[in-house]
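Some notes on the structure that comes next.
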Amino acid sequence: MMAKKYISLKVATAISAIIIFGGIGYPLFIHLSERLPSEIRRIPIKRDVSSPVEDGPQTQVSAVYLYFADEKGFFLIAEKRMLLQNEDPAEMGRAIIEDLIRGPRGKFVRTIPEGTSLNAIYMSHDGTAFVDFSDALRENHPGGSQTEFLTVYSIVNSLALNIPQVNSVKILIEGRETMTIAGHIDSRFPFKANMILVR
């Protein structure tokens, strides 16, 4: 009888330990996952860029506004596009960025260098969109502080002003944080939308 009670006590103790340490471990894992999003929460882009949105919970076609440079390279101008609306903000962001990479259809000027591709895009719990580009974003950039400003905010505005869940945008290159794209703007921190550059 005593042996049975002893075994039951050991079982109860083991279960309690699992509950207690599991309760501690779970928020610790969440904390680490937030600190290392590129390692844990990365959503790879492996799709044909010819199709704006291919899967996920789609609803209807809606208007979005992509921001390209004006002909003189001073300001950003919105160009209207019709894309399939997607309830997943990361998927909607993918469609927007891939269309931005393709460049303008009218008289405006592209803001993302040719040869650039999108590696991944994902959302954090606080509304930050992490956008991971290929190294061509930096290597093929023409340079100049104003041109770099237009590149950064064409990306940021195209996401933040079209997707309600996006509060800020963090630009990555090849899965890593970058100090700058062309040597003028500190890109270590997320950017918020900037309407001063928009005309």
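Numbers at a glance
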| read-out | value |
| --- | --- |
| Potential extension, Lys107-Glu71 segment - 0.36 nm per residue separation minus Cα distance | 12.2 nm |
| Stretch gain in nm, segment Lys80-Ser62, where the contour uses 0.36 nm per residue and the Cα spacing is subtracted | 5.5 nm |
| Cβ-based exposure ranking for Ser117, Ser158, in which fewest neighbours within 10 Å come first | Ser117, Ser158 |
| Gain in span if fully extended, Asp126 to Thr180, counting 0.36 nm per residue against the direct Cα distance | 17.1 nm |
| Cβ-based exposure ranking for Ser134, Ser62, in which fewest neighbours within 10 Å come first | Ser62, Ser134 |
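Where a number appears in this text, it was derived from the coordinates with a stated rule and is not lab data. Small disclaimer: the values here were computed from a predicted structure and weren't measured. Every residue, glycine among them, receives a Cβ derived from its backbone with ideal geometry; neighbour counts consider all protein chains shown.
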